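A short write-up of the structure that comes next.
Any read-out appearing in this document is the output of simple, stated calculations on the displayed coordinates, not a laboratory observation. None of the values given here were measured: they were computed from a predicted structure. Positions of Cβ are backbone-derived with ideal geometry, glycine not excepted, and every protein chain shown enters the neighbour counts.
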Amino acid sequence: MSEQPPVFDARFAGQLETLMRWRRDVRHFDRRPVPEGEMEALLAQAALAPSVGNAQPWRFVRIRSEARRAALAAHVDAQSAEAARRYDPERRALYGTLKLHGLREAPDVLAVFCDEAPLAGHGLGAATMAETRRYSCVMAIHGLWLAARARGIGLGWVSIIDPPEVARLLDVPADWALIALLCLGFPAETGTVPELERRGWQARESLTDRLFER
């Protein structure tokens with residue numbers, strides 16, 4: 001039976017655009033804990049994401065262990081130092097001024113994995129494009145990001161990592177693939193301009209340079 005859809009008016013559309021503009025990759029967190037009820041609500045909203053075959057392949061791992069959190073932070077620091085060597089001296093100096101993760105400060109750390117062999121979904125859609133399972137997990141992360149920002153909570157995506165090593169540190173099943181390591185908490189500073197743009201790493205470029213027609 002068809003349900004009556006809600007009406008999303010112009011005001012809501014404007015608020016949605018504002019939400020997207022204020023969704024920033026947060027690195028600086030204050031120490032206030034995120035209420036447990038808020039975290040539960042955020043994860044429930046993330047799980048509303050679309051997924052190939054309705055497989056819901058996302059697997060959320062909350063990092064409760066301080067020892068594991070410290071190991072993750074040390075791993076990212078080592079990976080970041082290695083990444084810095086790839087740049088010329090001028091770019092390397094700028095790289096060194098960037099804060100690239102909040103693993104030590106953020107009140108919550110969440111790893112998102114994709115179950116590469118879920119029973120749910122019966123393989124629909126993924127038989128020809130297996131990577132769509134991972135895309136489904138990315139959609140869940142994006143939903144989580146927007147839901148968090150709407151509640152005044154920031155999210156930072158830590159990508160300077162070695163996925164197999166993170167999977168080993170977190171002791172997850174072998175057929176889970178790491179999609180993201182996320183920091184969540186109340187941001188210490190806010191704004192609509194990405195931090196990397198403010199610090200001169202990379203400005204936002206025109207959409208016209210990234211739009212093609214055939």
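Just to check, using Stokes-Einstein with a Kirkwood Rh over alpha carbon pairs, what's the diffusion coefficient of the range 1-77 at 20 °C and 1.002 mPa s in µm²/s? Answer, rounded: 127 µm²/s. The length gained on full extension between Val138 and Phe60, counted as 0.36 nm times the residue separation minus their Cα-Cα distance, comes to 26.9 nm.
Modelled this way, with points 7 Å down the Cα-to-C-beta line, the labels at Gln15 and Lys99 are 3.0 nm from one another. What is the calculated FRET efficiency for Tyr87 to Glu213, with r their C-beta to C-beta distance and R₀ = 25 Å, to the nearest 0.05? Between Tyr87 and Glu213 the formula returns 0.10. Once C-alpha pairs closer than 8 Å and six or more residues apart are averaged by separation and normalised to the residue number of the chain, the relative contact order reads 35 percent. The charge dipole of the chain, taken about its Cα centre with unit charges on the Cβ atoms of Lys, Arg (+1), Asp and Glu (-1) only, comes to about 420 debye. Go ahead and estimate [θ] at 222 nm for the chain from helices alone: -39,500 (n - 2.57) per DSSP H run with n ≥ 4, summed, over the residue count, rounded to 500. Computed mean residue ellipticity for the chain: -12000 deg cm²/dmol. Projecting the Cα atoms of Ala140, Pro118, Leu103 onto the dipole axis of the range 1-145, where Lys and Arg carry +1 and Asp and Glu carry -1 at the beta carbon, places Leu103 farthest toward the positive end. The simple spin-label model puts a point 7 Å past each Cα toward its Cβ; for Arg151 and Asp175 those points are separated by 3.2 nm. Highest-first packing order for the peptide set 44-50, 154-160 is 154-160, 44-50, based on the mean count of other beta carbon atoms within 10 Å. Just need log10 I(q)/I(0) for the range 96-205 at q = 0.13, 0.24 Å⁻¹, Debye formula, equal scatterers on the alpha-carbon atoms, no solvent, rounded to two decimals. With no solvent term, the Cα-only Debye profile gives -0.62, -1.38.
To the nearest 0.05, what FRET efficiency results for Ala130 and Asp162 with a Förster distance of 30 Å applied to their C-beta separation?
Working: r = 22 Å, r/R0 = 0.73.
My answer for the efficiency is 0.85.
Spatially, the range 18-54 and the range 151-214 are offset by 13 Å when compared through their Cα centroids. If I take R0 = 30 Å and measure r between the Cβ atoms of Ala203 and Asp77 in this structure, what FRET efficiency does the formula 1/(1 + (r/R0)^6) give, to the nearest 0.05? Calculated value: 0.65.
Quick one: net charge around Ala73, please, counting Lys, Arg +1 and Asp, Glu -1 for every other residue with C-beta under 12 Å from its C-beta.
0
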